[in-house]
1. Being β-branched (Val, Ile, Thr), crowded, with 17+ Cβ neighbours inside 10 Å and farther than 17 Å from A:Tyr239 by Cβ is the filter here, so list the residues in the range B:43-75 that pass it.
2. Assess whether A:Ser74 counts as being closer than 19 Å to A:His189 by Cβ and either in contact with a Cys (Cβ under 7 Å, 6 or more places away or on another chain) or within 12 Å of chain B (Cβ to nearest Cβ) (or both).
3. If B:His77 satisfies all but one of (1) touching a residue at least 24 places away in the same chain (Cβ under 8 Å); (2) part of a helix (DSSP H, G or I); (3) facing another protein chain (nearest Cβ under 8 Å), what's the number of the condition it fails?
4. Of the numbered conditions (1) in contact with a Lys or Arg (Cβ under 6 Å, 6 or more places away or on another chain); (2) facing chain B (nearest Cβ under 8 Å), A:Leu98 fails exactly one; give the number of that condition.
5. Select, from B:Ala43, B:Ala55, B:Ala63, the only residue that is closer than 18 Å to A:Phe226 by Cβ and at the interface with chain A (Cβ under 9 Å from one of its Cβ atoms).
6. Every residue in the range B:76-99 that is more than 18 Å from A:Phe226 (Cβ to Cβ), of a type outside the set (Lys, Arg) and at pLDDT below 95, please.
7. Is at least one residue of the range A:83-106 closer than 18 Å to A:Ala181 by Cα, of a type in the set (Val, Ile, Thr), at pLDDT 95 or above and surrounded by 14 or more Cβ atoms within 10 Å (Cβ to Cβ)?
8. From A:Ala124, A:Ala30, A:Ala130, which residue is among the small types (Gly, Ala, Ser), modelled with pLDDT of 95 or more and crowded, with 16+ Cβ neighbours inside 10 Å?
Amino acid sequence: MQTSQAAVDQHADQEHAHENPALLHHFATAEQQKNAAGLGMWLFLAQEVMFFGGLFCAYLVYRYKYFADFGSASQQLDIRLGTTNTVVLICSSLTVVLAIRAVQLGKRMALVFWLLATILLGLAFLGIKADEYAEKFEKHHVPGPSFNYHELLPGQEKFPAAERQYANPHHAEMFFSLYFAMTGMHALHMIIGVGLFGFLAYKAWRGKYTPKYYTPIENAGLYWHFVDIVWIYLFGLLYLIDRHR
Amino acid sequence: MSDHNSASEQTSEHASEHISSLGSCLAIWVALLAGTTLTVAAAFIDLGPFNTIVALTIATIKATLVVLFYMHVKYTHEKLTGLVIVSAIFFLFILLALSMADYTTRLWR
């Protein structure tokens, strides 16, 4: 009785494997395959944490070293554009979650729609970032031969003009070097993410992803949320913490 | 072997994927936007050294919400995910804490 039951189960298994062509032969079940892919993605994100961690560490060290000058340079950033970009990214995280929900419910066109919405928001973020970069070029706040910085240290406005102290341009240049390295690396991740979602949107439109198989959507979603989290910290450290000084 | 296979097949049927409700997706979204508003508002109030603490605390709350709900960590059946996240944060902490312990104690040179 038991053996025959097992044979029936095995037969059902084989049928199940035929029903799900995405299940590779070296995995026992679709769930095992999905967990393996998910764990691999998390390990990738763990090394991304260390990658961005190095940049954050450099920022903390130099902010400690050139505290007043970093305060001055940080106040040159446009907090309105930074806040807008934070909101845009949070909205894009929502569209990613809605895309995953759509594929789980088997709604193909909704999946394509939310993937395209994510791409649009990602491009909006990059556009706003490009605008911010353009402003830095105009103000000569881009590190290099044409770098020019003549701004007061924080809290110097209350003194008579002759006694006011100005920030050391070399120290401010270090702030902008780190600003461009960190936001540039983040923007590169965004560009890769937009490309990834474009690929997924095409595949989704072709009907590749079903409630039984949507691991690429889920893992691209993890990547996108991670990039969102990096921005949450970049926004806090670069734009916010020296605003009050 | 076939018994094992059918057993794990059954668990996979039971442990069907968590589908977030539309309401919870939107609730987290509203919470993230509220956190952003709060942290920007707090940035303009002079709290001295506490400005940094407030900004980083709100950022960490936002990041935690994203990881738990949007990255589905709260609902995952894979226990190793938690281990990977905790180790990543732990080694990031070592990188930052030990580097700062060095640079902030070089005053005697």
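The values are calculated or read from the model by the stated rules, or taken from the named source; none is laboratory data. Because the structure is a prediction, the values reported are computed rather than measured. Backbone-built Cβ (ideal geometry, glycine too); neighbour counts: all protein chains shown.
1. B:Val66, B:Val67, B:Val73
2. no
3. Status for B:His77: all satisfied but (2).
4. Failed condition: (1).
5. Exactly one of B:Ala43, B:Ala55, B:Ala63 is closer than 18 Å to A:Phe226 by Cβ and at the interface with chain A (Cβ under 9 Å from one of its Cβ atoms), namely B:Ala63.
6. Selection gives B:His77 alone.
7. Scanning the range A:83-106 turns up no residue that is closer than 18 Å to A:Ala181 by Cα, of a type in the set (Val, Ile, Thr), at pLDDT 95 or above and surrounded by 14 or more Cβ atoms within 10 Å (Cβ to Cβ).
8. A:Ala124
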